[in-house]
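*Asks:* Encoded as structure tokens, here's the structure I'll be asking about.
Derivation of every value follows stated rules applied to the coordinates shown; laboratory data play no part. This one's a predicted model, so the numbers in the text were calculated from it and none came from an experiment. FYI the Cβ positions are ideal-geometry reconstructions off the backbone, even for glycines, and counts take in every protein chain you see.
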Protein chains: 2
Amino acid sequence: MPVDAAPTFDLTFQRVVPVTAAQLWQGWTHAPTLMKWFTPAPWKTIDAEIDPRPGGIFRTVMRGPNGEAGGGGVGCVLEAVPNRRFVWTTALGPGYRPNPVAEGGFHFTGILEFEPVAGGAMGAGGGTGGTLYRATGRHATQADADQHAAMGFEVGWGLALDQLVALFA
Amino acid sequence: MPVDAAPTFDLTFQRVVPVTAAQLWQGWTHAPTLMKWFTPAPWKTIDAEIDPRPGGIFRTVMRGPNGEAGGGGVGCVLEAVPNRRFVWTTALGPGYRPNPVAEGGFHFTGILEFEPVAGGAMGAGGGTGGTLYRATGRHATQADADQHAAMGFEVGWGLALDQLVALFA
């Protein structure tokens, strides 16, 4: 389901993937790895800087197939629990400095949760059942959540996740 | 100095006060205590809710001497290191949900640091030299910092600190 009950203004999706929680953690917190999967092709993440600790920077730069600028920006890490949970927001920059809102834009907080799944027949994941990957985009208002959904939150983050899984296949 | 070098957009002041770091911590993180000092008289903080852990609520409600509403709001705790450091922001609400910016308003992050001072002739502070209290308001832009300074950041936060110290005198 792309949109939770109205009072939460969250977009979320989850999927069990055949990689380990440590690999998902590496994908989200190691900049050279993140650059390989973070943006659905043919767009690319051409630069990234990630300091995975509270108050640290989460910066990405994206480019389209014809060199178009768009997406990315300078955010702030809020929680970093290795191999389990990674939270960052566009509402703040490094050192928790508030970020202005771009004209016509919106802020969101990204909450990534990685939960090992016991047993099962998945082909990877260190012989376990893989890892439950849950991504949540948390917004200030329903209008912001709707705008993010219309931009393709679920499809875009899902395609990017496919690329992350493929890195470790 | 009320304003740091331009690139930081910070307002900050510090003072050695004759109370302990634990008392400053209590003042900032225990809602019933905070209500007694947080707003320079004759304004009052008539309600408060504080969950001093990352992602927790920092909510205050202020009223003027004639019952005027103003100030306060629902913010988010970012760091909570007992007796040492307390960070919260107006840019997020509890659970790190981004907050909209009020018309004509601005967001800021408050950074409170408490550092015990060795020895000295202060009258309190558990027989030590008191505690260095440092308060920083971190802003998105110079205009926001200027607006906060014009609202009396340094005087207001200083008067409030006087009230906090008086609680434990």
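*Asks:* Taking amide hydrogens as modeled 1.01 Å from N in the peptide plane, which residues meet the under 5 Å criterion relative to A:T39, leaving out close sequence neighbours?
*Replies:* A:T45
*Asks:* Measuring label to label, 7 Å along Cα→Cβ, what does A:Q163 give against each other copy in nm, shortest first?
*Replies:* Result, one decimal in nm: 5.2.
*Asks:* Would you mind calculating the relative contact order of the stretch A:6-167 from Cα pairs under 8 angstrom and at least 6 residues apart, reporting the percent as a whole number?
*Replies:* Values: 361 pairs, mean separation 45.9, N = 162.
Once divided by the residue count of the stretch A:6-167, the mean separation gives 28 percent.
*Asks:* Now for a different question. Give me B:D51, B:D10 sorted ascending by neighbouring Cβ count inside 10 Å, so fewest comes first. All intermediate terms of the calculation are to be shown ahead of the outcome.
*Replies:* Numbers: B:D51 16, B:D10 19.
Ordered by Cβ neighbours within 10 Å, fewest first: B:D51, B:D10.
*Asks:* How large is the Kirkwood hydrodynamic radius of the stretch B:6-167, counting all unique pairs of alpha carbons, in Å?
*Replies:* Details: mean 1/r = 0.0618 Å⁻¹.
Radius from the Kirkwood sum: 16.2 Å.
*Asks:* Using only Cα atoms, what is the ratio of the radius of gyration of the protein assembly as shown to 2.2 N^0.38 Å?
*Replies:* Details: Rg = 22.4 Å, N = 338, 2.2 N^0.38 = 20.1 Å.
Against the empirical 2.2 N^0.38 Å value, I get 1.11 for the protein assembly as shown.
*Asks:* Across peptide A:93-105, what mean number of C-beta atoms from other chains lies inside 10 Å of a residue's C-beta? Walk me through the numbers before you get to the answer.
*Replies:* Details: counts 3, 0, 7, 12, 12, 16, 5, 8, 6, 0, 0, 0, 0.
Across the residues of A:93-105, the mean count of other-chain Cβ atoms within 10 Å is 5.
*Asks:* Using Cα springs under 10 Å in a Gaussian network model of chain B, which residue among B:E113, B:E154, B:E103 shows the largest mean-square fluctuation?
*Replies:* B:E103
*Asks:* While we're on this one: By counting other Cβ atoms within 10 Å of each Cβ, how are A:D47, A:D144 ranked from fewest to most? The partial results should precede the final answer.
*Replies:* Values: A:D47 13, A:D144 21.
Exposure proxy ranking, most exposed first: A:D47, A:D144.
*Asks:* For the stretch B:62-111, what size does the Cα cloud have along each of its three principal axes, sorted from largest down, in whole Å?
*Replies:* 37, 25, 16
*Asks:* Turning to a different aspect of this structure: Quick one: 3J(HN,Hα) in Hz for the stretch A:44-56, Karplus 6.51/-1.76/1.60 with θ = phi - 60°, rounded, Gly and Pro as x.
*Replies:* With the stated coefficients, the stretch A:44-56 comes to 9, 9, 8, 7, 7, 8, 9, 10, x, 8, x, x, x Hz.
*Asks:* Follow-up. Could you pull the copy-to-copy label distances for A:E49, with points set 7 Å along Cα to Cβ, in nm to one decimal and sorted shortest first?
*Replies:* Distances between equivalent label points, in nm: 3.8.
*Asks:* If amide hydrogens are placed 1.01 Å from N in the peptide plane, which non-local residues have theirs closer than 5 Å to the one on A:F108?
*Replies:* Here A:T90, A:A91 satisfy the definition.
*Asks:* Then there's this: If I take the rotation axis that carries chain B onto chain A, which residue of chain B has the nearest beta-carbon, and at how many angstrom?
*Replies:* B:A91, 2
*Asks:* Among B:M151, B:M62, B:M35, determine the one that fluctuates most according to a GNM of chain B built with springs between C-alpha atoms less than 10 Å apart.
*Replies:* Comparing B:M151, B:M62, B:M35 in a Gaussian network model of chain B, the most mobile one is B:M151.
*Asks:* Can you sort B:Y133, A:Y96 by how many other beta carbons sit within 10 Å, fewest first?
*Replies:* Details: B:Y133 22, A:Y96 25.
With the sparsest Cβ surroundings first, the list reads B:Y133, A:Y96.
*Asks:* Distances from A:P94 to the same residue in each other copy, label points 7 Å out along Cα→Cβ, in nm, shortest first?
*Replies:* 3.2
*Asks:* A further question follows. Identify all lysines with a Cα-Cα distance to B:K44 below 26 Å; exclude those on the same chain that are fewer than 8 residues away in sequence.
*Replies:* Leaving aside lysines fewer than 8 places away in the same chain, those within reach of B:K44 are B:K36.
*Asks:* While we're on this one: Could you give me the ³J(HN,Hα) list for the stretch B:147-160, computed from phi with Karplus coefficients 6.51, -1.76, 1.60 and θ = phi - 60°, whole Hz, x at Gly and Pro?
*Replies:* Working through the residues one at a time gives 5, 5, 5, 5, 6, x, 3, 5, 5, x, 5, x, 4, 5 Hz.
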